[in-house]
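Report on the following structure.
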Amino acid sequence: MNPVEPADQPRLARFEPTRREPGLHLPPAFREPVRLATLVGSMLLVFGAISMWVEVYLPYRGWFELSSFEGANDGGINLELGLGLFAIAWADRLWSNRLAVLVVAPFVLALAALVDLKTAFDTATTYLNGEVHNARGQGYLLPGFWLTVGGAALAALAGVIRIRRARRTTQWNVGVARTFAGAAAGGTAGGVLGFVVGITVGTMLTSGAINVTSGALPLFAIAFAFLGAWLGAAVGNYLAAATKRA
């Protein structure tokens, strides 16, 4: 007598890996026009911020170039803003998030860059029309400056379009969670402390190197500020969460 096999005996399906479609597969940031425009704008902003902005001729010195980090360090400010824009545009979780702060962040960062560039333009124009002109010299703004302006303008335009498209799917009510407040406070404190440490370390490492000090110090300050902000935000978030549980 043959045993009867159950008719509905469960069986495991054979594993088959997902087949990849042929052709070129672009990263998600390259597939959406507004996101791509923000990404391109941030890259232009970064590349322009680390380039030379002004070329000057003085009779007693000849031709020379002025870095974006000269004076008020406008290049360093725009470099940080550009890196922030790039991070939001590239990270899927940040770009697809419908938190109001993240939705408006690209436009706010780009607008801050434009305001700072307007100040830098006024300062450069005053310098060229005043001190340089009085010394019988001449000068002009280099393409690197206009590249920075173009990147900020493109990112700002993309930010406006992003806000208009997301206004129906975004909750604009204002509320601050305890963990967010802790992370914000810790990130701010860590960023300020990191900036001071970066200036100190940069001064120690570049002492005596007159030609590189002006360009190296902002890089040290920015790097340590980002590291301090990241560590401070993590610590602040942890402490806020622990306090909430208690």
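A few points about this structure:
- Test: residue in segment 64-71 that is assigned by TED's automatic domain parsing to the domain that holds V40, small (G, A, S), in contact (Cβ under 8 Å) with a residue 12 or more places away in the chain and over 28 Å from A223 (Cβ atoms): no
- Top-ranked residue in segment 133-170 [being of a type in the set (V, I, T) and modelled with pLDDT of 90 or more; ranked as surrounded by the most Cβ atoms within 10 Å (Cβ to Cβ)]: T148
- Failed item, numbered, when V46 is tested on (1) more than 20 Å from A223 (Cα to Cα); (2) β-branched (V, I, T); (3) buried (at least 17 other Cβ atoms within 10 Å of the Cβ); (4) out of contact with any Ser or Thr (no Cβ under 7 Å at 6 or more places or on another chain): (1)
- Selected residue (criterion: surrounded by the fewest Cβ atoms within 10 Å (Cβ to Cβ)) from residues of segment 84-115 that are within 29 Å of V56 (Cα to Cα) and under 11 Å from the mean Cα position of the chain (by Cα): A110
The values are calculated or read from the model by the stated rules, or taken from the named source; none is laboratory data. What you see is a predicted model, and the numbers here were worked out from it, not measured in a lab. Quick reminder, even Gly has a Cβ in these numbers, built from the backbone with ideal geometry, and neighbours come from all protein chains shown.
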